[in-house]
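Contents: one structure, followed by commentary.
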Amino acid sequence: MKEQQILIVDDEKEIADLVEVYLQNEGYRVFKYYNATDALKRVREGGISLAILDVMLPDMDGFTLCREIRKDFFFPIIMLTAKVEEMDRINGIVMGADDYLTKPFVPLELIARVKGQLRRAGQYNQGLKQEPETELYEVRGLELDNTQHTCHLYGEDLALTPTEFDILLYLCRHMNQAVTSEELFEAVWKEQYYESNNTVFVHIARLREKMKENSRKPKFIKTVWGVGYKLEDS
């Protein structure tokens, strides 16, 4: 199995060192930086499997760093921050983060989040011999291939993060069915849904933006008011 390379960016040395130890104990190769500039240089060298970014950094905030990474890379990103406001969570997701953990956190919970994100990206279990079942979906110009993990819209590649891909895949698997936000969240994030959770809403909005959808009259991902979302094949 290919060695997984994890990037840590946190200007609190004690936290960065602690996370590094836990990740190394799990067999990951760790690249640790205390500022965004050096971290971004390392990202551009390639090979990073997942990034853990602190929001408060000395030279560039974590949200901006996340946005810069997302211009060219789509590996999972987990944000760390001492801020607990829901708006900070939404900002992180809008910028392209896949998960969010507030400080102080339990290191083992972070490790669980890392493993979950890597599984979702199709990297953590590359050593398994069982091949994924072929799933091909074609919906009025939208083509999604689960085996190749590719998505095309009107023949052009649609660059999705692993989380965005999983959301679209789940909606394809439940074509013409109304899926609740709670069901979608628990299926994709593998965590219990909680009230006032805007995570699904923001990810759907970002998907629609990438698909150049009219949010008021979307062609693909329809809002079922009071229920959730639905992908229709006609």
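Key figures
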item: Rounded if a/c under 1.5, otherwise prolate or oblate - the range 1-82, Cα gyration tensor axes; result: oblate
item: Accessible surface of the chain [probe 1.4 Å, protein heavy atoms]: carbon and sulfur percent; result: 48
item: Across 190/222; 32/103; 190/230; 103/230; 190/212; 71/115, pairs whose alpha-carbon gap is larger than 26 Å; result: 103/230; 190/212
item: Distance (nanometres) between label positions extended 7 Å along Cα→Cβ at residue 29 and residue 216; result: 5.2
item: Rounded to the nearest 20 debye, dipole of the range 1-79 from Cβ charges on Lys, Arg, Asp, Glu; result: 440
item: Residue 22 accessible area, 1.4 Å probe, all protein chains in place, Å² to nearest 10; result: 80
item: Dipole of the chain [Lys/Arg +1, Asp/Glu -1 at C-beta], most positive-end residue of 4, 16, 66; result: 66
item: Net lengthening on full extension, residue 209/residue 3 (0.36 nm per residue, minus Cα-Cα); result: 70.8 nm
item: Debye, to nearest 20: dipole size of the chain, +1 on Lys, Arg Cβ, -1 on Asp, Glu Cβ; result: 460
item: Stretch gain in nm, segment residue 186-residue 56, where the contour uses 0.36 nm per residue and the Cα spacing is subtracted; result: 43.9 nm
item: Heavy-atom surface of the chain, accessible at 1.4 Å and reported per residue (Å²); result: 52
item: Segments 211-219, 39-47 sorted - mean Cβ within 10 Å per residue, highest first; result: 39-47, 211-219
item: Stretchable slack from residue 67 to residue 152, in nm (0.36 nm times residue separation minus alpha-carbon distance); result: 28.4 nm
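The values are calculated or read from the model by the stated rules, or taken from the named source; none is laboratory data. Computed from a predicted structure; not experimentally measured. We place every Cβ from the backbone using ideal geometry, glycine too, and count neighbours over all the protein chains shown. For accessibility, only protein heavy atoms count, side chains too; no ligands or nucleic acids. Shrake-Rupley method; radii C 1.70, N 1.55, O 1.52, S 1.80 Å.
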